[in-house]
Amino acid sequence: MPNTKTIAGSAIVALDKTPLLGGEGREGLAHLGGNASVTTGVLLQGHPGLASGATPAAGDAGWVTLLSGAANLGPVVEVADLPKFVKLGAAATGPITLEGVQ
């Protein structure tokens, strides 16, 4: 049974279980659902985590783009080097489910 996490709404999700354990060079598959039709903008953002181990705030400067919308984006996209935390980007129109791969 694959390890999956669904990122929805404004939730900040910790990738804290193998094989979705972020910060370890892990890779994942992003099942985009309705987001596959988004052609511009940030769909998924990641954060390496804070030195304190706390969950970063939504406005923290450490958030980076992991996945952007593009023309002809498929329904499943590989994301390399998953960070410790993820959240939806502003262009996301619905949930994204990450599936861990090893």
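What the table below lists for this structure:
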quantity: Solvent-accessible area, 1.4 Å probe, carbon plus sulfur percent, for the chain; calculated: 54 percent
quantity: Of (1) 25, 14, 12; (2) 28, 16, 11; (3) 20, 16, 11, the label for semi-axes √(5λ) of the Cα gyration tensor in Å derived from the coordinates; calculated: (3)
quantity: Simple Cβ-charge dipole of the chain, Lys/Arg +1 and Asp/Glu -1, about Cα centre, in debye nearest 20; calculated: 180 debye
quantity: Cβ-derived FRET efficiency at R0 25 Å, N72 paired with T4, nearest 0.05; calculated: 0.50
quantity: Sorted peptide list for 40-49, 8-17, criterion being average Cβ within 10 angstrom, highest first; calculated: 40-49, 8-17
quantity: Reachable aspartates and glutamates, given that their alpha-carbon falls under 18 Å from the alpha-carbon of K5 and they are not under 8 places away in the same chain; calculated: D16, E24, E27, E78, D81, E99
quantity: Inter-probe distance in nm under a simple model that places probes 7 Å from Cα toward Cβ, at K17 and V101; calculated: 2.0 nm
quantity: Residue list for the range 16-35, given a label point 7 angstrom along the Cα-to-Cβ vector of T93 and an amide N cut-off under 14 Å; calculated: 32-35
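The values are calculated or read from the model by the stated rules, or taken from the named source; none is laboratory data. Treat the numbers as computed from the prediction; the structure is a model and nothing was measured. Ideal geometry is used to build each Cβ from the backbone, glycine not excepted, and the neighbour counts take in all protein chains shown. In case anyone asks, the SASA skips ligands and DNA or RNA and just uses the protein heavy atoms, side chains included. Shrake-Rupley method; radii C 1.70, N 1.55, O 1.52, S 1.80 Å.
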